[in-house]
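Have a look at the structure below before the remarks.
The values are calculated or read from the model by the stated rules, or taken from the named source; none is laboratory data. Remember, predicted model here, so these are calculated numbers, not experimental data. Cβ coordinates were reconstructed from backbone atoms using ideal geometry, including for glycine residues, and neighbour counts include every protein chain displayed.
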Amino acid sequence: MSDADVIIVGGGLHGCSAAYNLASRRVKVLVLEKHVVGRHASSASAGGVRRLGRHPAEIPLAMASIELWHRLNELLGADTEFHASGQVRVAETPDELDACEARVALTRSLGYDHEILIDKGELVRLVPGIAATAQGGIYVREDGHAFPYKTTLAFRNAAERHGAIVREGVAVLAIERATHTWRVLTDRGRFEAPVLVNAAGAWGGEVAAMIGDPVPTSPVALMMMVTARMSRWLGPTVGSMGRKLSFKQSESGTMVIGGGYRGTVHPESELTSLDFAGLRASARTVSELFPHMRHVDIVRCWAGIEGFTPDDIPYIGPSKAAPDAYHSFAFCGHGFQLGPVVGAITAELILNGRSNLPIEAFRIDRFEGTGAAYRGDISR
Amino acid sequence: MSPQYDLAIVGGGPAGMAAAVRAAAFGLHTVLFDEQPAPGGQIYRAIEAVAGGRPQDLPILGPEYRRGIALVEAFRKCDATYCPGTSVWQLTRELELGIVDAGGARMVHARHVLLATGALERPVPFPGWTLPGVMTAGAAQGLLKASGMLPDVPVVFYGGGPLLYQFAWQLAQAGVPVAAILDTGRRANYVAAAPYLPAALAAGDYVAKGLRLLNGIRRHRIPIMRGVSDFQALGNDRVREVAYRQGGTTHHMAAGLVLVHAGVVANCQLTQSVPCRHEWYGPQRAWRPVTDPWGNTDLAGIQVAGDCGGIGGADAAVHAGRIAAFEAARRLGRLSGDQRDTLAHPDRLAWRRHLLARPFLDALYPPSPGTLAPDDATLICRCEEVTAGAIRAAVRLGGTGPNQVKSYTRAGMGPCQGRECGLTVTEIIAAERGLAPEAVGTYRIRPPIKPLTVGQMAGLDDATR
Amino acid sequence: MFKRRHEPNHALTVYLDGDPITAAAGDMVAAVLLASPDPRCRATPVSGSPRAPYCMMGVCFDCLMEIDGVLNRQACLVPVADGMRIRRQPRPEPMALT
């Protein structure tokens, strides 16, 4: 006896987006979340909605996703605090300017024109207060940022309005394939459905192994800082060609500082600890690029656990080992923007057997035979 | 790099000072970080300045305050390094402390850490509690200690607890008119406390002191209203009057200053940020770190003493500080277990005796029902101005725990990091979901627990690597 | 709202929104503010409502003020110094994002 048409393992942004996209097409969905919805990367994310600088394989998905972002509040009936305030990547040296030119030439050659080169004057107009060393950069006008936890909850609530069931505090212990059905054994009993979706984020490698698709993944703690509220002075989200930086002013007026410095993951407790050398480097970057930030208070630092892959792009698509199982995990710190579209892709794969978007590059078995290490067992 | 100190103590109140004196006597290389500019903590705040420069204020502050003189003198004489004006913004499991003072931010490393960060006054949300002219009673008492300042507008006290009555009496002694004491305490509290009275009488002069205070207040003819509820502070840009219910009717009263107090709770910000394990202490509806009888937390090398480990009061804190120092000396190889037990014996007896008063005081002064369940319009998070109604709405949307409510509403995301809203948010979620507060939990506390500027972080001097 | 019981032993001058006022050595900035005619220290970022020092022990972060050019200092933890420039903090400008 099935509990649903589809069981989704993982109640983060991607699990909730898949749940919404399936439930709104009248599919009976059960989401199993071992903690609470949005516990890890989906609430710890800095919230960048960015096409700028994407891996070429991700560009078609990001282009489709931004269309969804621009009507997401309407679709979900909730405020995700999405603001299309743009994304900028700053070059500080002539070499970095050359790299900007090469990057924009690459995206043009692929047939996209969202990334545009900007000179120093345009950069200063977009990013007032930037240090005089900045030379120019790349700008994407319709990119922006949103509030990760609100976005995740908006997908969850919309999915539930369409009949999806979300069970929190249910940890998956094992997965078995029976005739035409998946048996998901949890600490709260057994659940069955003909179709399974693995959206378990940093724990997705472990779930993939249960399905029979062992893949290399590792959990990473990405560190962030947030400051006291400031008067509005910055529109676009600012990245850097040469340094680790993601810098934006949130809707509340706080400055959110990220960029990829890593803390430490404690797998047993699922907690993280911070690396102050990294935070210091991050604060140096901000105070050098924005000298007026030196006297602004840091209110909070944190690190969120995210799954990474050897090639820094996610696993998306059907299982290699078993029928009726699909993966959508390990987004390597840049899955937030992709949330709306990848949920739709997963729904298309389940309902139509194929997606209209190219997802070959994300296939689950791409490291087979390469010897890339498997580090899936991280949750216990 | 090897640790710079054997023992790092955080907090310069009675527990921290007493621990430093004992630890230094064992030859432990001891440092004490104190956010305040001079030793004494909140209870003996500015005691050196008062005793030396404003002795006229000593009679008003009373004999208990005077006890701090000897404690501070002993601390000043000991070999521990004293770092005043120094905030601790981070503590790691590896016993690295992030500190910040006028010179900037740095990390130091100790072989053992003793937290003596004291208590904070229980947050009491009610309509108007953010208005200028509403302060905690402890805040106004601190002004008397540190600056010799007294209110010069009509004062209304609201809440309950020993400190409230003590300060009302001190104001009356100083000739400041107190308009009224509006006490939320109900007759049922006396009934609940009665069985613990014999133990409290054995604990020392706690009960006698309380009765003396009440008599003093009666002599000054300060009106006391009991069983007060539905309290509000009213005014536009500052408090002008208060409204409250008592005996089935609503009353109004002019007020220039409202002093609120509803007991104190352990200041767990640092232990929660590590995080050490905490438990919910039911009688006072607050968190405290889980410790063994020597103040050891569940994390090796991190110890607590005094009110930050659970409320015991200043006299108990002195003994707790010494007990912790004996244990630290044992852990650092200066004492055997037997030596520790022998040396600590008198302090352990005295400490236990002081704690005998707590069940009585806890039962007599529980937080009022209105404090635990404020109405929807009341602000809970002062920093981000989030109402109880918004928190309840977030719970209904799926924000099932404090961290989800925090993400959704920004409650607890402001500069105070949940110090003023954490307990209330836990209570509200527990009530909404029909769960016990310990099942609901509390915010994950993130460093820096005291603000650090971007420039200070950029210049962080990390000698531990 | 508050007044001193005695003349300060060591008086010094600080500037509150540009106006000179007398303080005592050992005072915290928030104490000087509370002894001034207007105890307000700032307007909140969210609603712009006025706030004054509340806990006086570094817990509530309501007494944030601009001190010697730096915003968001905890006025209850900063001792006064002669010539110190203290300003009440206005509400940050919440201009539209897009």
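Within segment C:48-57, track down each residue that is in contact (Cβ under 8 Å) with a residue 12 or more places away in the chain and surrounded by fewer than 21 Cβ atoms within 10 Å (Cβ to Cβ).
C:GLY48, the sole residue that qualifies.
Could you name every one of the strands (runs of 3 or more DSSP E) located completely within segment A:282-339 that has at least 1 residues being among the acidic types (Asp, Glu), under 18 Å from A:CYS16 (Cα atoms) and more than 21 Å from the chain's Cα centre (by Cα)?
Qualifying strands (runs of 3 or more DSSP E): none found.
Please state which one of C:TYR54, C:TYR15 is aromatic (Phe, Trp, Tyr), under 13 Å from the mean Cα position of the chain (by Cα) and more than 28 Å from B:GLU420 (Cβ to Cβ).
C:TYR15
With respect to the numbered conditions (1) within 14 Å of chain B (Cβ to nearest Cβ); (2) surrounded by 15 or more Cβ atoms within 10 Å (Cβ to Cβ); (3) at positive phi; (4) not polar (S, T, N, Q), which one is the sole condition not fulfilled by A:GLY129?
Only one criterion in (1) within 14 Å of chain B (Cβ to nearest Cβ); (2) surrounded by 15 or more Cβ atoms within 10 Å (Cβ to Cβ); (3) at positive phi; (4) not polar (S, T, N, Q) is unmet by A:GLY129, namely (2).
Just checking, which of B:GLN4, B:GLN36 is surrounded by fewer than 18 Cβ atoms within 10 Å (Cβ to Cβ), within 25 Å of B:VAL274 (Cβ to Cβ) and of a type outside the set (Ser, Thr, Tyr)?
Just one listed residue meets the conditions, B:GLN4.
Kindly indicate whether B:ARG419 is within 12 Å of chain A (Cβ to nearest Cβ), among the basic types (Lys, Arg) and buried (at least 20 other Cβ atoms within 10 Å of the Cβ).
When the stated conditions are applied, B:ARG419 does not pass them.
Taking only segment B:131-188 into account, find how many residues are in a loop (DSSP other than H, G, I, E, B) and within 12 Å of chain C (Cβ to nearest Cβ).
Final tally of qualifying residues: 10.
Being surrounded by fewer than 18 Cβ atoms within 10 Å (Cβ to Cβ) and over 21 Å from the mean Cα position of the chain (by Cα) is the filter here; which residues of segment B:365-391 pass it?
B:ALA373, B:ASP375, B:ASP376, B:ALA377, B:GLY389
Tell me, please, whether a residue that is in contact with a Leu (Cβ under 7 Å, 6 or more places away or on another chain), more than 25 Å from B:LEU270 (Cα to Cα) and touching a residue at least 12 places away in the same chain (Cβ under 8 Å) can be found in segment B:89-107.
no
Go through (1) closer than 20 Å to A:THR227 by Cβ; (2) within 12 Å of chain B (Cβ to nearest Cβ); (3) touching a Phe, Trp or Tyr at 6+ places or on another chain (Cβ under 9 Å) for C:ARG87 and report which single condition fails.
Condition (2) is where C:ARG87 drops out.
What is the number of the single condition among (1) under 25 Å from B:GLY309 (Cβ atoms); (2) surrounded by 21 or more Cβ atoms within 10 Å (Cβ to Cβ) that B:LEU259 does not meet?
So B:LEU259 meets the others, but not (1).
Only one of (1) more than 23 Å from A:THR272 (Cβ to Cβ); (2) touching a residue at least 12 places away in the same chain (Cβ under 8 Å); (3) more than 14 Å from chain C (Cβ to nearest Cβ) is not met by A:THR217, so which one is it?
Evaluating A:THR217 over (1) more than 23 Å from A:THR272 (Cβ to Cβ); (2) touching a residue at least 12 places away in the same chain (Cβ under 8 Å); (3) more than 14 Å from chain C (Cβ to nearest Cβ) leaves (1) as the failure.
Is there a residue in segment A:102-110 that is farther than 30 Å from A:VAL36 by Cα, out of contact with any Ser or Thr (no Cβ under 9 Å at 6 or more places or on another chain), among the basic types (Lys, Arg) and not in a helix (DSSP H, G or I)?
no
Counting only residues that are within 11 Å of chain C (Cβ to nearest Cβ) and in contact with a Leu (Cβ under 9 Å, 6 or more places away or on another chain), how many does segment B:108-121 have?
2
Residues to consider are A:HIS55, A:HIS35; find the one that is farther than 15 Å from A:GLY343 by Cα, in the same structural domain as A:GLY163 (by TED's automatic domain parsing) and surrounded by fewer than 23 Cβ atoms within 10 Å (Cβ to Cβ).
A:HIS35
Can you find a residue in segment C:26-48 that is among the β-branched types (Val, Ile, Thr), closer than 22 Å to B:ILE380 by Cβ and within 12 Å of chain B (Cβ to nearest Cβ)?
Yes, segment C:26-48 contains at least one residue that is among the β-branched types (Val, Ile, Thr), closer than 22 Å to B:ILE380 by Cβ and within 12 Å of chain B (Cβ to nearest Cβ).
Going by what's in this entry, would B:ASP307 be described as crowded, with 20+ Cβ neighbours inside 10 Å and of a type in the set (D, E, K, R)?
yes
Could you grab me the full set of residues in segment B:440-461 that are more than 7 Å from chain A (Cβ to nearest Cβ) and either assigned to a loop (DSSP other than H, G, I, E, B) or within 23 Å of B:THR271 (Cβ to Cβ) (or both)?
B:VAL440, B:GLY441, B:THR442, B:TYR443, B:ARG444, B:ILE445, B:ILE449, B:LYS450, B:GLY459
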